[in-house]
Amino acid sequence: MNIHLRSVLIATCAIGMGAGLSSSAISASAPKRTIGLVVTSWFSAKYNTPHWEECPEGAALGNDELWIKNLPQAQRIKATAGGAVQPVDGERKTQAVVRGPKGEDVCWNPEVVKDPPMRIVRGKTGYGFNLDGTDDGRATPKSCKHDKFTSPEGVKVDNQLYRLLGCILGMRNDAYLEGHPNQERQDSGKGTILIEISDVDDAKNDDAVQVAFYGSIDTLPKDSTGKILANASYRINDNPIYGTKARGKIVDGVLATDAADVRLPMYGNNYTGDIPLKDMRLNLTLPREGKPANGLMGGYYDFAKWWDYFQKIEFLLVSNQWSCPQVYVAAKELRDGYPDPQTGECTALSTAMTIEALPAFVIHPDKPNRVAANDSPTRLAAK
Amino acid sequence: MLRHLVSIVAISVALIGCGPGEPKTAGAPAGFRQLSEAQYRNIVADVFGPDIQIAGAFAPIPRTDGLMAVGSGRVAVTPSAFERYEKLARFVAAQVVNADNRPMLVPCAPAQGAVDEACARAFYAKTGRLLYRRPLTDAERDHLVALTSQVAKAGTFDDGLAAGVSAMLVAPDFLLIGDVIETDKSGAQRMTDYSKASRLSFFLWNAGPDDALLTAAEKGELASHAGLTKQAERMLQSPRVEAGVRALFSDMLMLEGAATLQKDPVIYPAFGMAASFDASEQTLRTIVDLMLTRDGNYRDLFTTRQTFLTRTLGVIYEVPVQKSLGWVPYTFPENDPHVGIQSYASLLALNSHPGRSSVTLRGKAVRELLLCQKVPDPPANVDFTLVSDSANPDFKTARQRVSAHSSDPSCAGCHKLMDPIGLSLENFDGAGQFRTVENGVTIDPSGELDGVAFQNPIQLGKALHDNTSATQCVVSRAFAYAAGRAPARDERQYVDYLHKRFADNGYRLKELLKDIATSDGLYAVGPGSPATRPQAAADAAKERS
Amino acid sequence: MTFLIRKTMGRRAALRGLFKGTAVAVALPFLDCVLNESGTALAAGAPLPVRFGTWFWGLGFNPGRELKSLANHDFEFLEEAQPLVPYKKDINYFSGFNTPLDGRKLHVHFSGWVGCRTGTAPINGGEISAPTLDVLVADVIGGKTRFRSLDVSSTGDPKDSYSYRNSGSQNAGEVSPVSLYARLFGPGYVDPNGGEFKPDPAMLARQSVLSFVGDQMKEYQKKIGAADRARLDEYFTSIRQVEHQINLQLQKPEPLASCKVAKAPEETKLGDEVETVLVNHKIMTEMLAMAVACDQTRVFNMLYSQSLSRLHRRGETFIHHSLTHEEPTDPKLGYQSAVAWFNIRSMEAMADFIAAFKGIKEGDGTLLDNTLIFANTDTNYARLHALDAVPIMTVGRAGGRMKTGMHIAGNGDVITRVGLTAMRAMEVPIETWGSNSMQTANPITEVMA
């Protein structure tokens, strides 16, 4: 993605513009700046090999496969017209999901049937952050015992959501469960995440900045070739559940935040909601030389909130191949963060997502701001 | 000299009772202009209501002497144009008698199969007066009623009325704004009061005369300076003057080009059709705000930082916009180079190439559109390869490239008029977006205008602000726009007189419009006008004072 | 022809009566001088009607496998559009036109075609709040023929029609060749090569209007200086030109040489197997083209497959739509190959459709030359329901109003520009079309003759 970015130094500007322009922009007492960003794309962070080596048991079984397998012979013959047709097509999709003993929908009642264990990621490599601070995944006051991944850079990291979902057909790379909601967000503007980096003295190196996360209520303007445009204005969703903040610093143009609990808007696959991410970390290379910002965000995703989303996308079961009971059981076992003080059971799943973001203006309705042409987020981030 | 001047004043006052000091002009032969699309729309909305749709393409009007308002006096109604008008007339007429609009427009509803001639007569008298900008003659009314009855026979009364409306909408009396001449008591030719009313109204409102103005014409009030002034002042106070000012500046700045402006989507991804329309609207809003809302100084158009933006334009200017729909007022901060309408996206993008800026086109636009100075066309055999070749290592910036102009004597003469202006706008790319480097080299935006050197676009604005040609230009254009012809050579004194008053009034546009609207020069008809109207002598006999 | 003369005299007589006792003079119609003695000269020049149709196929193409853009609006059809190669010179291909939803939800396989055909993105699924463009065209030209428009679907389901005035008013598709034939050429069909003729009274009204304007013009000329006479003369000539056109339309139409009704078809199997659909599509297409040649309708809609295409191959349960989401991209080929198979079948059907119109001679050319077909689909990339760059084609020259054989790259412009272009070519008096970001007043002038 080319963001049509022109690398400009304030000093050159001031000289270029001559006496007509104020040179206060370069003075030591320059006001704190703000870098606004709009997240244009995000995917859960997955380590997918072409030949599924991380999934030695194979792809996760589909709900329909489990359904047909458990049907009595007579019904199985009927459902396949004596083997002449494939067991599941549009007609039978709806039958497969209500395979509970009393015809229950197994996504809403994931414990009414007992499926064989789910095929999950067995590989050792994954992306994420070391959220619990351990190298071995032992239990700590804020985490339950679990396996760690090693990132390609050799860091021990936590990403139980990837471990859970990484072998589901529809979750691989940009397949439907991931690609479609991302496209929906780009086309509709719903669920758009805004990141506002403020208190910036120096956009390349600054040891103390503040980072706030908002939802946007505006669409993403695209250029005539369909690319999302940089430097557009986005009004924040002023629902107070958003606007969560983190402290951070910028080193050589890379923003790293301290841990913080944040809430992000979420839209996709017919679901509108949000993602509460506890102990969130963000590592983001800021826009530079024609490239958008990109990086990794991680944290603990509240299990109940995540399941609320995942059970509601049951209409995608057949084409994307998973079983709600399997996923539910496996997810509960894989939870690794925030033990319930009463039961000791963890309540959240570690996760990470890759994000891409463009310079933007984050608009607070009550705070009009003016920016000179050489101080746009694109230019500022480039400085 | 002084005596000469005094005598002119004396003659003027004595002969025509106009404003003090207006030099007498000979005028031009009477003629006619074709309605512009906007004028057509405005009249139909005024007569039949704003809900009437006007669908269909209008034949384009060529620009003459810098204005379509002048070109409209040269263009003919071609067969294809008439075909469009005829179709459009039926489309409008059908709406006039449809269930939504009829109750408000037609004063009666005769029973099925019946024809109410008196009602038709009243309907035509009222609508015809506004469409033709004069009362219909008895013969015209009779003819329309007969047409109505005849068509009603095969259909309904409303079909008949629709035919009558169609007929008026394709008649020359509607589609052409003609100057009708009569002879006054002294035997001199002059424009009729109705023609004066049209000229005044199309000038100030870009629409036909309203009831009050036609009534004033009917009473002969427009013959006197006081009567004309009263109407002009009334019209200038009306919100409708905004439509007039927009039309004047759209024409003068050639903003209609925004509708067909195409930028290379790879080079200028943010400048699509929406940005083009918004940019043109931004320029008009800035003008209306300064000239009408704030009654400001025309010269400040070149230095103003106060404008209006949309979210789409925010992307172009790389500035935040508080609302995602509609317009927000915006003031560019002190250190921002966007100063004055010449630095806003519309004029910059319109006077650029699809994929790059143009020093020459911009310089030419400033000279021709803002200063009314004609730049000669380039020689036919000119070689552009050097100027276009940004891959040449010696030609990274436009300044380096156009230096070829000055080294070629056949180019230098004209380019020295344009390039030093255009170079100071090089901080804005072909889509009007701010930049400080081109091909890795820092842009030097220094330039020169009529002996005033400057370092950057902000100072160019100041130079334009102080340049007398800029204010002379708008005076001459506004007159040409109003009269449908550029000022003649022997009208120099008259234009200078208008300019002097413009300056004395702090370059406030409304005062200029009023001075033109109430000057005798606007209505003067000269030799070559057609034989006088048959009734003119009789009218003159029962003359108002 | 004799009728025309008589009628004209009658009208003159009628006007005299109306004006009895008044001094108003009524101009003779201008047409008297342009008619030859028998009146045949005008009749011979009568223009053939221009027709409009739509053709729809679901699920688009595998992106990049249908078209290669060349310089100067030229193009080349690639694998998935191979069947169209023989008709390239009759086709315009519009790529890169987008369907912005303005924050409205993307209703998959719905928002795309609704946006493209109505110019308004639906807020809710199933909701159609503006008429489809064929309805707008039929409002203008549909009134002159026996059927305002004809709607046909080859999928066997009458609900499969994308012609709507609004959600509550769908023009249901005719799905059976036998019943389509009965409707078209059964009882009620009048052979245009014989029978009675009645003139349109609206034409007479237009004549009267122009007669009035001619008089106005004579008065006007008296007021205007000699220098401007030439311009007024041109105005005068222009009025006469339109009168001439009206007179042509007041005459009994020429027999339609191209109208030759075929025999009634045999009963065929209905259904959504590709093989069945292709057969029914072809039979009904040929019938439809003949109905158009016989001027039974000037507007028609054919739906080959739905946006959520249920078409499937005999013996296989995967329908075209499921395949687009579930078939993995072939790692070697780089696209979904089974989906490609379906896409190529769609284009075979489109080629059949074009062939039917091109196969009927009319005037100096073919029926296709006097027709404009608007062919569209619902998505650019069915796998992801992409609404940017949804492909559209137009076929035919619309009686010379359209250029053909061109590729137009939309570069992200709104898709409604294509529909507006088609409607303008059909002389629909529409100024702007579409709503919100999809509103446009800019037809694609490059393809307009």
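Read-outs throughout are calculated quantities, based only on the coordinates presented, and are distinct from any laboratory measurement. These figures come from a predicted structure and were not determined experimentally. Positions of Cβ are backbone-derived with ideal geometry, glycine not excepted, and every protein chain shown enters the neighbour counts.
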Subject >> Estimated inter-spin distance, C:GLN82 and A:ASP202, nm [label 7 Å along Cα→Cβ] >> reply: 6.3 nm
Original post:
Viscosity 1.002 mPa s, temperature 20 °C: Stokes-Einstein D of the range B:246-466 from its Kirkwood Cα radius, in µm² per second?
Top reply: 121 µm²/s
Subject >> Distant alpha-carbon pairs in chain B (separation over 46 angstrom), percent >> reply: 22 percent
**OP:** Give the calculated FRET efficiency between B:ALA99 and A:LYS145 to the nearest 0.05, with a Förster radius of 56 Å applied to their Cβ-Cβ distance.
**Re:** 0.15
Original post:
What aspartates and glutamates sit close enough to A:LYS69 to cross-link, taking a C-alpha to C-alpha distance under 14 Å and skipping anything fewer than 8 places away on the same chain?
Top reply: A:ASP115
Subject >> Cα-based radius of gyration of the protein assembly as shown once divided by 2.2 N^0.38 Å, which approximates compact folds >> reply: 1.07
Subject >> Inter-label distance for B:ALA125 and C:ALA172, nm, one decimal - labels placed 7 Å from Cα along Cα-to-Cβ >> reply: 5.6 nm
**OP:** Please go through the range B:182-239 and write out the GluC sites (Glu not before Pro) that DSSP classes as loop and that have at most 16 other C-beta atoms within 10 Å.
**Re:** none
Subject >> Taking A:LYS305, C:LYS159 and counting other C-beta atoms within 10 Å, the order from fewest to most >> reply: C:LYS159, A:LYS305
Subject >> Calculated P(r) of the range B:218-338 - Cα pairs past 26 Å, % >> reply: 34 percent
Original post:
In which sequence would B:HIS225, B:HIS353, C:HIS312 go, from the one with the fewest C-beta neighbours within 10 Å to the one with the most?
Top reply: B:HIS353, B:HIS225, C:HIS312
Original post:
Can you sort B:SER36, B:SER424 by how many other beta carbons sit within 10 Å, fewest first?
Top reply: B:SER36, B:SER424
Subject >> At R0 = 35 Å, FRET efficiency that the Cβ-Cβ distance of B:SER186 and B:THR229 yields, to 0.05 >> reply: 0.95
**OP:** Assign unit charges at the C-beta atoms only (+1 for Lys and Arg, -1 for Asp and Glu), then state the dipole size of chain B relative to its Cα centre in Debye, rounded to the nearest 20.
**Re:** 640 debye
Original post:
Using alpha-carbon positions, what is the distance between the centroids of the range B:470-512 and the range A:257-317, in Å?
Top reply: 64 Å
Original post:
When only Cα pairs under 8 Å and 6 or more residues apart are kept, what is the percent relative contact order across the range B:246-466?
Top reply: 20 percent
Original post:
About its Cα centre, what dipole magnitude does chain A give when the only charges are +1 on Lys and Arg Cβ and -1 on Asp and Glu Cβ, stated in debye to the nearest 20?
Top reply: 320 debye
Original post:
How fast does the range B:32-177 diffuse by Stokes-Einstein, in µm²/s, taking the Kirkwood radius from C-alpha pairs at 10 °C and 1.306 mPa s?
Top reply: 101 µm²/s
Subject >> Within the range B:246-466: Cβ-based charge dipole about Cα centre, in debye rounded to nearest 20 (Lys, Arg +1; Asp, Glu -1) >> reply: 320 debye
Original post:
Which residue, chosen from B:TYR330, A:CYS107, B:ALA223, occupies the Cα position most advanced towards the positive end of the dipole of the protein assembly as shown, where the dipole is computed from +1 (Lys, Arg) and -1 (Asp, Glu) charges on Cβ about the Cα centre?
Top reply: B:ALA223
**OP:** Over every pair of different alpha-carbon atoms in chain A, take the mean of 1/r and invert it; report that Kirkwood radius in Å.
**Re:** 22.7 Å
**OP:** Would you please give the FRET efficiency between C:LYS332 and C:ALA182, computed as 1/(1 + (r/R0)^6) with r the Cβ-Cβ distance and R0 = 56 Å, to the nearest 0.05?
**Re:** 0.65
Subject >> Phi to ³J(HN,Hα) by Karplus 6.51 cos²θ - 1.76 cosθ + 1.60 over the range C:427-435, Hz, x for Gly, Pro >> reply: 6, 6, x, 10, 8, 10, 9, x, 10
